[in-house]
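Worksheet: the structure to be examined is printed underneath.
The values are calculated or read from the model by the stated rules, or taken from the named source; none is laboratory data. No experiment lies behind these values; they were computed from the predicted model shown. Every residue, glycine as well, gets a Cβ built from its backbone with ideal geometry; the counts of neighbours run over all protein chains shown.
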Amino acid sequence: MTEPVDERRHGDRINRHLSFHYRPLGQEHKAWNLVQLKDLSETGVAFVSQEDLALESTYECQLTIPTRSARLHLVGRVKRIHKSSPRFTEYGLMFEEINEVDLISLKSLVQTINEGRNPSV
């Protein structure tokens, strides 16, 4: 079993249950896995999954946020693994690639929620 890695994500986190899709990078033939986020920051996400993800593995990701009709597209790397129960594992994924427009949308969402405002489309 892989040992957990210390949390190193910087920036404010929001505890919001947003839809998050992921699949191994470069494997377009694979189906998307869908999970609900545990938390989100400008630099990464935490989520729980039944899938076995390897530490340092890279994933193509899509994030649905309430302030945009289109999903955000990003690439992330697994940086933290914590077995939270016999069936589920919590993962910390750090973003490695995100385009400028999506990053602006993500930062705006985090700021809006941290200011206590309700994000809406």
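Are there any strands (runs of 3 or more DSSP E) wholly within the stretch 43-118 with 1 or more residues that are surrounded by 15 or more Cβ atoms within 10 Å (Cβ to Cβ) and among the aromatic types (Phe, Trp, Tyr), and if so which?
Details: elements: 44-49, 58-63, 72-83, 89-98.
So the answer is 44-49, 58-63, 89-98.
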Looking at Pro24, is it surrounded by fewer than 16 Cβ atoms within 10 Å (Cβ to Cβ) and at pLDDT 95 or above? yes
Out of all the residues in the stretch 67-102, which are more than 16 Å from Phe20 (Cβ to Cβ) and touching a Phe, Trp or Tyr at 6+ places or on another chain (Cβ under 9 Å)? Ile81, His82
For Ile65, the lone unmet condition from (1) touching a Cys at 6+ places or on another chain (Cβ under 8 Å); (2) at pLDDT below 95 is (1)
Search the stretch 17-30 for residues that are within 16 Å of Phe47 (Cα to Cα) and in a strand (DSSP E or B) and pair each with any residue that is of a type in the set (D, E, K, R) and modelled with pLDDT of 95 or more when their beta-carbon atoms are under 9 Å apart and the residues are at least 6 apart or on different chains. His21/Glu60; Tyr22/Glu60; Arg23/Glu60; Pro24/Glu60
